[in-house]
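In what follows, a structure is listed as structure tokens, so that the remarks can point back to it.
The values are calculated or read from the model by the stated rules, or taken from the named source; none is laboratory data. Fair warning: this is a prediction, and the values are worked out from it, not measured in the lab. Neighbour counts run over all protein chains shown; Cβ positions are idealised from the backbone, glycine included. Remember, those area values only see protein heavy atoms, side chains included, never the ligands or the DNA or RNA. Shrake-Rupley method; radii C 1.70, N 1.55, O 1.52, S 1.80 Å.
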Amino acid sequence: QGPHFTIATPFAKQPNENCKHNLDYSEWDLENLPERVIPRTNYQRACNRDKYEASLDHWNGQPFTGRWRHVHREMTQPGLERSVQGAIVPLGASHIHACLTYGFDDTNDLLRWSGLMASLPFDYLFKASGAGHVAEHQLARVPLPEKSALDAALFVRTLRLNCLTADYAPLWEELYDPAWRRDQWTDPSFVRLPLGDVGPEWSMATPLRRDQERRLALVELDALAALMLGLSAEQLCGMYRTQFAVLRKYEYKMVFDAEGRKICGYHQSAGFRQSKLQDQAKAGDLPAEWKNLWKLYEQYEEDPSSVDWLGLYTEPFTRADREAEMTLAYNEFQRRLAAGELSQ
């Protein structure tokens, strides 16, 4: 189902037991996600397994569930934070009609497609059209760039976002490129978690798990997509300003602590950790002012000495600034290209 996944995140939410409506879902804690997990679903087979599996579509003699695929939500609205919500689905997973999956003969094409579909420039194609669906006839018009010197940078970010559990180990190990170990974040000040600190075997340390590093990887995918499409940094920022008003509103009230954990002014972008801490405050397990962490942060901005973060957040805090971050990433990737640091 659509709520199960979001942008480059195959584990976003799962329905609560005896789920009653579309808001009766709980977010996953990506920092503590089990090594192997199968999300709860609201649907079950209406027949036995043999009959069900015999009815599956086959590609080249193989059930479609046995291939790596990109999945996205078919329904959308121009007024949403993002129009395209998609991720790489684990092997064996099927889906209802409200989702679409795509596979490729070449797994590199799958990675290129999935990474680019997570970017603002590709989302812009649907936002600007005003479409209410991310449907097959629209996808047929979406460009898929050919092999590029930017592929390695695109692939390592896409896989570190998507490969959240051990079920993705075969995909990671199939596509692993030793060149990834030389890759670095485009922001030299971000040193807490080196991007290229990955080996050929998947481990629990392989995926990006904290809020800031996941967002930074997505911002860098935005810049890579712009370069691959021949757009300028200003055009990329123009897309953000003109078509992503809700995303801009959310990020205007978004900060990250020194450990990469975010605090947001809007509950839609608060994430698992902030929501959990605010719920604990409402239950009386944390001070009452923790019921609204954004207000507590605004108090901290005015008088840092007035707030005790109780060891749950670490100073200093950094505000989100997507235009500056995308421009920095774009210019750095452009420099690496010109210097021959990226090769096919």
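Observations on the model:
- Paired Rg and Dmax values of segment 176-295, which use every Cα atom, in angstrom: 17.5, 54
- Extension gain for the segment residue 18 to residue 44, taken as residue separation times 0.36 nm less the Cα-Cα distance, is 8.0 nm to one decimal.
- Which labelled figure in (i) 150; (ii) 262; (iii) 131 is volume of the Cα convex hull per residue in Å³, once derived from the coordinates: (i)
- Probing with 1.4 Å while keeping every protein chain in the model, the per residue accessible area of segment 263-314 equals 56 Å².
- Carbon and sulfur %, accessible surface of the chain computed with the full protein complex present, 1.4 Å: 48 percent
- Here's the list of aspartates and glutamates a cross-link from residue 147 could span, going by alpha-carbon distance under 17 Å and ignoring same-chain residues fewer than 8 apart: 105, 106, 109, 177, 341.
- Under the combined filter of DSSP loop state and at most 10 neighbouring Cβ atoms within 10 Å, segment 110-154 retains these trypsin sites (Lys or Arg not before Pro): 141.
- Segment 269-344: GluC sites (Glu not before Pro) falling in loop per DSSP and having at most 11 other Cβ within 10 Å: none
- Solvent-accessible area per residue, Å², over segment 35-191 with all protein chains present [probe radius 1.4 Å]: 49 Å²
- Rg of the Cα atoms in segment 1-128, relative to 2.2 N^0.38 Å, amounts to 1.11.
- Karplus-derived HN-Hα couplings along segment 140-151 (A = 6.51, B = -1.76, C = 1.60, θ = phi - 60°), whole Hz, x at Gly and Pro: 5, 9, 7, x, 10, x, 7, 3, 9, 5, 8, 4
- Residues whose placed amide H lies under 5 Å from that of residue 75, excluding near-sequence neighbours: 134
- Given their separation in residues at 0.36 nm each and the Cα-Cα distance between them, residue 55 and residue 142 gain 28.3 nm when the chain is fully extended.
- Dividing the summed -39500 (n - 2.57) terms of all DSSP H runs of n ≥ 4 by the residue count of the chain sets its mean residue ellipticity at 222 nm at -11000 deg cm²/dmol.
- Using a probe of 1.4 Å on the protein chains alone, the accessible area found for residue 58 is around 100 Å².
- Rounded FRET efficiency, nearest 0.05, which uses the C-beta distance separating residue 241 from residue 96 and R0 of 35 Å: 0.50
- Placing dummy labels 7 Å off each Cα toward the beta-carbon, the span from residue 252 to residue 318 is 2.3 nm.
- Partners for residue 127 among lysines (Cα-Cα distance below 26 Å; same-chain residues under 8 apart left out): 13, 249, 253
- Computed FRET value (nearest 0.05) for residue 289 with residue 32, which takes r as the C-beta separation and R₀ as 22 Å: 0.30
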